[in-house]
Amino acid sequence: MSSPLVSAEWLQANLDDPALRIIDCRFNLMRPQQGREQYQQGHVPGAVYLDLDADLSAPKGDRGGRHPLPAIEALAARLGAIGIGSDPATLVVAYDDSFSAFASRLWWLLRYLGHEQVAVLDGGLAAWQAIGGKLVTETPTIAPAIFRPRPQSAWVVDSAGVKVAQASGHILIDSREGERYRGEREPIDPVAGHIPGAQLAVWKEALDDRGYWRSPSEQQQRWQHLPTDANPIIYCGSGVTACVNLLSWELAGRSPAQLYAGSWSDWCSDPENAIATGAE
């Protein structure tokens, strides 16, 4: 794939490709079962459902944030079970109905595990329906494969890594809404604010108001204030919407940035961690 995005028209034209694997990533943070229910009510033909909590995250603990990265071997086994193997010819397309937040999480996870042939459906499920794409209720039968992970360990940092980065003046990017970043409101986590020194780059600004990704030139403009050789650490509330900014960074032609996987929900769980409010 020459781009981390595919259009609904491309998906429709390639729907019968035996190397294609389509993943429905719909999810609702406030109602975790909703995505699976929506999948059962209708999905893109051939799509398999992956759940943010059950498949794309590890169980929540006292530390590590609300959506810790899944155990590598567990995710590899799940990917293999739905026919995603290590064959580089296997093309994976992920979609959701939430401005690509959850599809981007899968996009990032697959690349983190060494599988490059993965893309997000531009515009999500709405784009598919806009071109007359049909929805089906049948769950596809797909032959299992063997997925051999090749994790890119340098792409992930924990809170200790963030502190080291802070001390060296490393760039930190907070992907949440401005109100949460400034500590004006916090609807999910117990503490409001941001990591001291972090800059704000709201994740939804990578897309337009219909949920389509902005052009590569517009993505470049989002990051033009940062040095061309920058390797920022990007975080959000729990390591999910940060993946939208990571994909934006990729569309801008930048080299892979790093993800603080635990993100704010991990940082604020430690009372010894400094917290900032207001604008930087």
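Results, tabulated for the structure shown:
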read-out: Distant-in-sequence amide H partners of Leu259 (H built 1.01 Å from N, under 5 Å); value: Val156, Val157, Ile234
read-out: Accessible area in the full protein assembly, largest first, 1.4 Å probe, for Asp62, Asp17, Asp122, Asp174; value: Asp62, Asp17, Asp122, Asp174
read-out: Heavy atoms of Glu116 accessible to a 1.4 Å probe, total area in Å² rounded to 10; value: 100 Å²
read-out: Helix-only CD estimate at 222 nm, as mean residue ellipticity for the chain, using -39500 (n - 2.57) per DSSP H run (n ≥ 4); value: -7500 deg cm²/dmol
read-out: Exposure ranking of Asp16, Asp189 by accessible area [1.4 Å probe, largest first]; value: Asp16, Asp189
read-out: GNM flexibility winner over the chain from Ala81, Ala167, Ala261 (Cα, springs under 10 Å); value: Ala167
read-out: The stretch 230-280: mean projected area of Cα convex hull, nm²; value: 4.1 nm²
read-out: In Hz, Karplus ³J(HN,Hα) per residue of the stretch 5-16 (6.51, -1.76, 1.60; θ = phi - 60°; x = Gly, Pro); value: 10, 10, 8, 4, 5, 4, 4, 5, 6, 10, 4, 8
read-out: Alpha carbon centroid spacing (whole Å) that separates the stretch 241-280 from the stretch 55-72; value: 16 Å
read-out: 0 to 90° range, to nearest 10: angle between helix 242-251 axis and the chain longest Cα axis; value: 70 degrees
read-out: Accessible surface of Ile275 - all protein chains present, 1.4 Å probe, nearest 10 Å²; value: 70 Å²
read-out: Zone of Ser3's modelled label, taken as backbone nitrogen in the stretch 206-234 under 19 Å from a point 7 Å along Cα→Cβ; value: 206-223
read-out: Shape box of the stretch 60-108 [Cα atoms, principal axes, largest first, Å]; value: 39, 28, 14
read-out: Nonlocal amide H pairs with Val48, under 5 Å, H built at 1.01 Å; value: Ile22, Ile23, Asp24
read-out: Three semi-axes of the equivalent ellipsoid, the stretch 153-259, Cα gyration tensor, whole Å, largest first; value: 21, 19, 12
read-out: Largest-first ordering by accessible area, 1.4 Å probe, given options Arg176, Arg148; value: Arg148, Arg176
read-out: Accessible area (Å², 1.4 Å probe, nearest 10) - Ser238; value: 10 Å²
read-out: Segment Lys60-Ala130, extension gain: residue separation times 0.36 nm, minus the distance between their alpha carbons; value: 21.5 nm
read-out: Column: log10 I(q)/I(0), Debye, Cα scatterers of the stretch 1-137, q = 0.12, 0.19, 0.20, 0.21 Å⁻¹; value: -0.43, -1.12, -1.24, -1.37
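The values are calculated or read from the model by the stated rules, or taken from the named source; none is laboratory data. Small disclaimer: the values here were computed from a predicted structure and weren't measured. A quick note on method: Cβ atoms are made from the backbone with ideal geometry, for glycine too, and the neighbour counts reach across all protein chains shown. Ligands, DNA and RNA are stripped out before the accessible areas are found, and what is left, the full protein with its side chains, is counted by its heavy atoms. Shrake-Rupley method; radii C 1.70, N 1.55, O 1.52, S 1.80 Å.
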